[in-house]
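Note sheet for the following structure.
Quick note: the coordinates plus some simple rules give every number you see, no bench work behind them. Not measured: the values here are computed from a predicted model. Backbone-built Cβ (ideal geometry, glycine too); neighbour counts: all protein chains shown.
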Amino acid sequence: MSFWNQLVNRFRGGSGEEIDWEALLIEADLGIKLATEWVDEIRAEGLSRTPEKAELFLREKMTKLVRIPPPLPIKHKPEVILLIGVNGSGKTTTAAKLAAKAKQEGRLVHLGAADTFRAAAAEQLEAWGARLEIPVTSAAPGTDPASVAVRSLLASQEAKSDLLIIDTAGRQANKRNLLLELQKIKRSLQKKVETIPHHTWLVADGTTGSGVIQQAKEFHEAIGLTGIIVTKLDGSAQGGMVAAVRAEIGLPTYYLGRGEKPEDLKRFEAKDFVDRFFGE
Ligand SMILES: Nc1nc2c(ncn2[C@@H]2O[C@H](COP(=O)(O)OP(=O)(O)O)[C@@H](O)[C@H]2O)c(=O)[nH]1
Ligand SMILES: [Mg+2]
């Protein structure tokens with residue numbers, strides 16, 4: 001049974017009673033704001049007792065909401081993606097997966113290991129680089145991450161790479177320090193080329209549900225995001241927060257992680273996403 005039908009069954013009252021739409025939509029990770037808005041609309045349309053009709057109505061709303069804007073042409077070489085997010089969200093694996101995809105498409109790729117918080121972090125990205133045959137700029141633990149980011153930019157410019165993906169730390173002494181560190185990385189890159197990074201993407205763990213919405217707000221306010229990637233949607237989580245992040249913050253989702261292998265990172269497709277969410 002689809003994720004959506006399971007929810008409908010769970011929140012269905014007795015015969016003829018209304019479905020608890022608010023609880024259902026919150027359980028679907030849409031966040032309180034969007035859930036409340038959509039419940040009001042379901043009621044206003046007179047669909048609250050007809051789940052099939054309500055589903056059609058919501059399918060259309062969600063499809064319109066999550067559609068990705070066409071990417072702006074990147075005139076500069078390399079195109080630079082900065083990946084940020086909390087510890088364990090999947091940044092390093094996502095950097096490797098994105099790199100593998102781009103290489104497969106015939107692009108010349110470079111990786112920057114700007115997580116210098118732990119020795120294991122750079123080693124993890126270097127291992128991926130070795131496996132994928134993609135060069136990695138890294139440094140000893142404790143090195144200023146902003147300087148590693150800048151060095152990775154210089155190296156990728158030198159190598160005439162098409163794409164540079166910079167991985168960052170998710171941990172610091174505290175959240176404030178992490179945000180300061182990320183701001184410094186971004187500022188240092190901008191000092192070299194004003195438009196870099198072209199993309200600042202939050203990598204967020206989909207199993208944290210609507211927690212992703214709050215995280216996206218915080219990082220967006222402090223760093224300025226251009227989009228998000230939601231990982232770990234290979235379990236029961238179906239990614240309702242993708243709609244909420246778009247509705248509340250205006251940020252599109254570019255990729256979804258549905259497993260640990262490189263091919264498990266999927267380019268976000270609105271129709272595919274909505275079909276999975278509600279069931280085909
Ligand atoms: N099941 C699953 N695991 C993932 C996915 N993305 C990342 N992981 C795993 O999550 C863990 C943390 O990933 P990592 O990239 O090191 O996170 P980071 O701390 O943000 O760099 C690793 O074990 C990854 O293999 C995903 O889409 N699905
Ligand atoms: Mg990492």
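Values for this structure:
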| read-out | value |
| --- | --- |
| Residue (of PRO69, THR168, THR94) at the positive-pole extreme of the chain, dipole from beta-carbon charges | THR168 |
| Unsatisfied cross-links (Cα-Cα over 31 Å) in the set LYS217/LYS266; LYS184/LYS232; LYS175/LYS271; LYS160/LYS271 | LYS175/LYS271; LYS160/LYS271 |
| Stretchable slack from LEU65 to ALA159, in nm (0.36 nm times residue separation minus alpha-carbon distance) | 29.9 nm |
| Size of electric dipole in the range 3-66: Cβ of Lys, Arg +1 and of Asp, Glu -1, about Cα centre, debye, nearest 20 | 140 debye |
| The chain: calculated mean residue ellipticity at 222 nm from DSSP helix runs of at least 4, using -39500 (n - 2.57) | -15500 deg cm²/dmol |
| Trypsin sites (Lys or Arg not before Pro) restricted to DSSP loop in the range 185-227 with at most 10 other C-beta within 10 Å | none |
| Segment GLU45-LYS175, length gained on full extension (0.36 nm per residue, minus Cα span) | 42.5 nm |
| Dipole of the chain [Lys/Arg +1, Asp/Glu -1 at C-beta], most positive-end residue of GLN214, GLY239, LEU34 | GLN214 |
| For the chain, share of DSSP beta bridges that run antiparallel, in % to the nearest 5 | 10 percent |
